[in-house]
Amino acid sequence: MYKAKILFVLLFINSIIYSQEELKLYKNIYTTSDALKKSGHILDLNKEIFNKAKELDQQHPSKYFETAANYLNKSKFNEASFLYYTGLMRFKYYNSSNPDYQESNDGALLGSLKYAIGEPINMYLKTDINNYISILEKAVEYCKNNDFKFYPKSKSPEKYNNQLTSCLKLKTDLENNKVKYSDLWDEETKKIKISLKIK
């Protein structure tokens with residue numbers, strides 16, 4: 001049953017990434033981001049997402065990515081981004097500390113999910129570096145204050161904290177190099193918008 005659910009998730013993601021829906025998603029990412037920045041709501045995050053995360057904490061970490069994909073499909077990009085980075089820390093911790101870990105199983109699954117979900121998530125976050133930093137900060141703060149009940153921190157506190165440290169390093173890098181990354185990503189965004197015919 002579990003493997004069937006995972007297959008469903010991958011098929012769902014595949015339908016987004018490898019079809020005409022991909023272009024629609026990318027166009028929606030940029031138009032939504034532009035609208036949120038214009039209205040001053042780019043940093044908004046629905047607080048209900050924290051309750052959703054607590055539900056997901058009781059399940060296999062792949063559920064974070066499945067749920068993030070659902071939020072992407074609803075154009076709730078900040079919520080999807082929060083779940084993605086929280087799920088990424090959860091899944092990396094699980095893989096690094098689980099004695100039954102198999103690279104061909106959970107290792108391969110995480111790689112596929114990172115590619116399928118991470119690409120549009122990061123495309124969105126790169127449209128506003130302050131929002132990117134804010135999402136990372138909220139994801140780390142959540143993981144600090146909420147244990148992963150499916151595979152508790154007590155099983156390997158060091159490896160659990162390693163994931164938080166890694167995410168904080170990314171956040172610090174973005175904070176220390178805002179101008180560099182913003183200029184680079186703005187140029188990338190302009191080129192992509194031209195190719196997608198977005199004004």
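The values are calculated or read from the model by the stated rules, or taken from the named source; none is laboratory data. From a predicted model like this one, the values you see are computed outputs, not experimental measurements. Note that we place each Cβ from the backbone using ideal geometry, even for glycine, and neighbour counts take in every protein chain shown.
Figure legend. Inter-residue proximity from region 56-82: first residues in contact (Cβ under 8 Å) with a residue 24 or more places away in the chain, second residues buried (at least 24 other Cβ atoms within 10 Å of the Cβ) and of a type in the set (S, T, N, Q), beta-carbon distance below 7 Å, spacing 6+ or different chains. Indicated pairs: TYR64/THR86. Condition first: hydroxyl-bearing (Ser, Thr, Tyr) and under 17 Å from ASP128 (Cα atoms). Now tell me which residues in region 69-83 satisfy that. The answer is SER75, SER81. VAL9 fulfils the conditions (1) modelled with pLDDT under 80; (2) surrounded by fewer than 17 Cβ atoms within 10 Å (Cβ to Cβ) except for a single criterion, (2).
Does ALA80 fit the bill of being out of contact with any Ser or Thr (no Cβ under 7 Å at 6 or more places or on another chain), of a type in the set (A, V, I, L, M), part of a helix (DSSP H, G or I) and at pLDDT 95 or above? Answer is yes for this residue.
Rundown of residues vs (1) under 18 Å from LEU72 (Cβ atoms); (2) touching a His at 6+ places or on another chain (Cβ under 6 Å); (3) surrounded by 17 or more Cβ atoms within 10 Å (Cβ to Cβ), yes/no style:
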site: GLU119; (1), (2), (3): yes, no, no
site: ASP128; (1), (2), (3): yes, no, yes
site: GLU137; (1), (2), (3): no, no, no
site: ASN145; (1), (2), (3): no, no, no
site: TYR151; (1), (2), (3): no, no, yes
site: GLU175; (1), (2), (3): no, no, no
site: LYS178; (1), (2), (3): no, no, no
